[in-house]
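Enquirer: Before anything else, here's the structure in question.
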Amino acid sequence: MTPRLDWLDDEVAALQRGQLYRPLRTRESVQGAIVDLDGRSLVNFGSNDYLGLAVECGKAVDVAVAPRGGGSAASPAIHGRGACHDRLERLIAEFEQCERALLFPTGYATNVGVIPSITGHGDVIFSDTLNHASLIDGCRLSAAKVLIYRHGDVDHLTELLRASSTYRRRLIVTESLFSMDGDFAPLAEICELAERFDAMTMIDEAHGSGVWGQHGRGVAELLGVEQSIDIRVGTLSKAFGAGGGFVCGSEALVTWMRHRARSYFFSTAMPEPVVEMAIFGMKAAIAEPWRRETVIAHSQLARQQLQLLGWDTGLSTSQIVPVHIGESERAMEWMNRLTAANIFVPAIRPPSVPDGRALLRLSFSAAHTPEMIQQLLESFRV
């Protein structure tokens with residue numbers, strides 16, 4: 001390394017002093033309720049495999065992809081999009097009850113591609129303060145004015161909308177289920193405001209898809225506002241056990257994204273094995289509602305018991321249950337304590353959360369057993 005980068009040594013040392021250094025962990029097993037992490041077998045409460053499909057998706061694709069090989073080798077705008085990509089986009093559109101859907105390489109790529117495609121100079125975006133980094137970065141890339149409203153605060157959003165009548169276009173963007181706090185966005189109220197102030201709405205169902213709603217379409221279905229949402233994005237890497245992201249909506253929306261979303265147009269298409277896994281995972285999620293019923297029941301039980309033990313789980317009402325700790329050092333101490341009890345729970349620290357708001361993030365899965373959850377709860381007894 002040249003002397004011009006010597007400053008990096010000081011910065012890495014500062015991360016270590018502040019309990020913000022993140023060692024690279026090596027998982028030597030498939031992603032599941034039990035993982036072999038850095039040579040140790042642990043009950044896994046750190047995965048987004050909400051429906052317990054990751055293992056099964058991997059087993060399902062061998063025969064399907066053998067004739068076509070692995071990588072897509074080109075952008076979907078060239079010839080990287082194959083027949084399986086078409087099948088998956090049609091399946092997503094049917095599942096989401098939308099005219100069309102479009103695949104992106106990742107959920108992150110979806111958000112940083114979609115937002116700049118529909119907003120720009122002269123527009124304004126209203127973004128929840130706890131939105132995921134991919135939404136934040138999409139807003140930054142758009143060149144639109146970005147106004148941040150307090151988390152879930154409809155009154156604050158109303159004030160900002162009322163004062164923003166001079167902009168060309170207005171967009172309200174929010175997660176439907178917040179990935180760290182585990183609470184729902186007030187989608188019904190947001191949709192009412194969008195109608196009142198003529199604003200577009202975009203929701204990220206990354207953590208809602210497959211789990212919530214009568215048919216598993218997400219929080220918008222649960223709250224009965226699907227028809228009021230203009231743009232829905234989601235991932236295939238969480239509940240559906242595979243990888244990739246998608247946007248769904250009108251025919252015109254998807255056509256525009258194909259031509260203007262840079263992270264779609266200039267990225268190699270999703271690898272076909274991953275597409276086949278996503279098809280399997282989505283079909284399984286549709287056919288087996290017991291999976292979402294199980295993960296919701298697991299999380300409800302654990303949250304109630306943790307509260308009885310005196311832990312602060314915040315506003316969580318979902319399969320994501322934060323245990324609020326406060327300081328990063330204490331969060332790391334508790335993560336190490338749980339690891340010693342053969343349980344993996346990640347300590348979430350800045351920049352994923354604000355300073356002083358470190359937490360342990362519990363993610364529940366249909367693959368967890370009652371015995372695993374009991375083991376977790378016993379480890380939280382002080």
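Enquirer: With a 4.7 Å Cβ cut-off, tell me which Cys residues in the chain come up empty for a partner.
Expert: Cys57, Cys84, Cys139, Cys191
Enquirer: Continuing with the same structure: Scale the Cα Rg of region 68-287 by the rule-of-thumb value 2.2 N^0.38 Å and send over the ratio, two decimals.
Expert: Output field value: 0.97.
Enquirer: Treating only the Cβ of Lys, Arg, Asp and Glu as charged (+1, +1, -1, -1), what charge dipole size does region 74-128 show about its Cα centre? Round to the nearest 20 debye.
Expert: Working: 4 positive and 7 negative charges, 52 e Å.
That gives a dipole near 260 debye.
Enquirer: Separate question: Label region 77-142 by shape, choosing from rounded, prolate and oblate, from the square roots a ≥ b ≥ c of the eigenvalues of the Cα gyration tensor; if a/c is under 1.5 it is rounded, and otherwise prolate applies when a/b is larger than b/c, oblate when it is not. Let's see the in-between values first.
Expert: On the way: a/c = 2.25, a/b = 1.91, b/c = 1.18.
Here region 77-142 falls in the prolate category.
Enquirer: Just for the chain, what percent of DSSP beta bridges are antiparallel, to the closest 5?
Expert: Bridges in the chain that DSSP calls antiparallel: roughly 55 percent.
Enquirer: Starting from the eigenvalues of the Cα gyration tensor, five times each then square-rooted, give me the equivalent ellipsoid semi-axes of region 153-218, largest first, whole Å.
Expert: Semi-axes from the Cα gyration tensor: 25, 12, 10 Å.
Enquirer: Counting other beta carbons within 10 Å of each Cβ, put Ile203, Ile373 in order, fewest first.
Expert: Ile373, Ile203
Enquirer: Within 10 Å of each residue's Cβ, count the other Cβ atoms and sort Leu102, Leu91, Leu160 from fewest upward.
Expert: Ascending number of Cβ neighbours within 10 Å: Leu91, Leu160, Leu102.
Enquirer: Sticking with this structure for a sec: Add -39500 (n - 2.57) for each DSSP H run of 4 or more in the chain, then divide by its residues: what number comes out at 222 nm, to the nearest 500 deg cm²/dmol?
Expert: On the way: 15 runs with 154 residues, N = 382.
For the chain, the value works out to -12000 deg cm²/dmol.
Enquirer: I'd like to know which of Val219, Ala284, Pro105 lies farthest towards the positive end of the charge dipole of the chain, counting +1 on Cβ of Lys and Arg and -1 on Cβ of Asp and Glu.
Expert: In the chain, that residue is Pro105.
Enquirer: While we're on this one: With +1 assigned to the C-beta of every Lys and Arg and -1 to the C-beta of every Asp and Glu, and no other charges, what is the dipole magnitude of region 68-287 about the Cα centre in debye, to the nearest 20? Show your work: numbers first, answer last.
Expert: Values: 20 positive and 26 negative charges, 170 e Å.
Approximately 820 debye in magnitude.
Enquirer: Just Asn336, Asn111, Asn44 to compare: in a GNM of the chain, with alpha carbon springs under 10 Å, which one fluctuates most?
Expert: Evaluated over the chain, the most mobile residue of the options is Asn336.
Enquirer: So if I place +1 on the C-beta of Lys and Arg and -1 on the C-beta of Asp and Glu, and nothing else carries charge, what would the dipole magnitude of the chain be about its Cα centre? I want it in debye, nearest 20. Let's see the in-between values first.
Expert: Details: 36 positive and 45 negative charges, 119 e Å.
Rounded to the nearest 20 debye, it is 560 debye.
Enquirer: Write down the Å³ per residue value for the convex hull defined by the alpha carbon atoms of region 259-382.
Expert: Spelled out: Cα convex hull of region 259-382, divided by residues, is 173 Å³.
Enquirer: Hey, rough spin-label estimate for Gln97 and Glu378, points 7 angstrom out along Cα→Cβ, what's it come to in nanometres?
Expert: 4.5 nm
Enquirer: Which residue, Ala143, Ala220, Ala54, tops the fluctuation ranking in a GNM of the chain built on C-alpha contacts under 10 Å?
Expert: Ala143
Enquirer: Short version: ³J(HN,Hα) in whole Hz for each residue of region 327-337, in order, from phi by Karplus 6.51 cos²θ - 1.76 cosθ + 1.60 (θ = phi - 60°), x for Gly and Pro, what are they?
Expert: 8, 4, 4, 5, 4, 5, 4, 6, 4, 5, 5
Enquirer: Starting from the Cα of Asp9, step 7 Å along the direction of its Cβ; do the same at Asp137; then give the gap between the two resulting points in nm.
Expert: With each label point 7 Å from Cα toward Cβ, the separation is 3.0 nm.
Enquirer: So, one more: Which one of His132, Ile78, Gly234 is farthest out on the positive end of the charge dipole of the chain, using unit charges on Cβ (Lys, Arg +1; Asp, Glu -1) and the Cα centre as origin?
Expert: In the chain, that residue is Ile78.
Enquirer: In terms of the Cα gyration tensor, with a ≥ b ≥ c the square roots of its eigenvalues, is region 165-284 rounded because a/c is under 1.5, prolate because a/b exceeds b/c, or oblate? Mind dumping the intermediate values first?
Expert: Details: a/c = 2.20, a/b = 1.27, b/c = 1.74.
Cα axes put region 165-284 in the oblate bin.
Enquirer: Also: Identify, among Ser176, Phe246, Gly18, the residue whose Cα sits farthest towards the positive end of the charge dipole of the chain, taking +1 on the Cβ of Lys and Arg and -1 on the Cβ of Asp and Glu, with the dipole about the Cα centre.
Expert: It is Phe246.
Enquirer: Another one. List the trypsin sites (Lys or Arg not before Pro) within region 308-382 that DSSP assigns to loop and that have no more than 16 neighbouring Cβ atoms inside 10 Å.
Expert: Sparse-neighbourhood loop trypsin sites (Lys or Arg not before Pro): Arg381.
Enquirer: Please check: in the Gaussian network model of the chain (C-alpha springs, under 10 Å), which one of Ala341, Ala269, Ala367 has the largest mean-square fluctuation.
Expert: Its mean-square fluctuation being the largest, the pick is Ala341.
Enquirer: Separate question: Whats the longest run of the chain with zero chymotrypsin sites (Phe, Trp or Tyr not before Pro) that are DSSP loop and have at most 13 other Cβ atoms within 10 Å?
Expert: Answer from the scan: 22-265.
Enquirer: Taking K and R as +1 and D and E as -1, what net charge do the other residues with C-beta under 10 Å from the C-beta of Asp123 add up to?
Expert: Around Asp123, the charge tally is +4.
Enquirer: Could you give the length gained on full extension between Thr129 and Leu315, defined as 0.36 nm per residue of separation minus the Cα-Cα distance, in nm?
Expert: 65.4 nm
Enquirer: How long is the gain from Leu24 to Ala287 if the chain were fully straight, where each residue apart is worth 0.36 nm and the alpha carbon distance is subtracted?
Expert: 91.0 nm
Enquirer: If we count other beta carbons within 10 Å of each Cβ, what is the order of Glu327, Glu11, Glu205, Glu195, fewest first?
Expert: Neighbour counts put them in this order, fewest first: Glu11, Glu195, Glu327, Glu205.
Enquirer: Determine Rg/Rh for the chain; Rg is computed over alpha-carbon atoms and Rh is the Kirkwood hydrodynamic estimate from the same atoms. Mind dumping the intermediate values first?
Expert: Details: Rg = 21.1 Å, Rh = 21.8 Å.
Reported Rg/Rh, Kirkwood definition of Rh: 0.97.
Enquirer: Then there's this: Output the relative contact order of the chain, whole-number percent, from Cα pairs under 8 angstrom with separation of 6+ residues. Provide the component values of the computation, followed by the final result.
Expert: Details: 770 pairs, mean separation 85.5, N = 382.
Value for the chain: 22 percent.
None of the figures in this text is laboratory data; all of them are computed from the coordinates on show. Owing to the predicted nature of the structure, the values given are computational and were not obtained by experimental measurement. With ideal geometry, Cβ positions are generated from the backbone for all residues, glycine too; neighbour counts draw on all protein chains shown.
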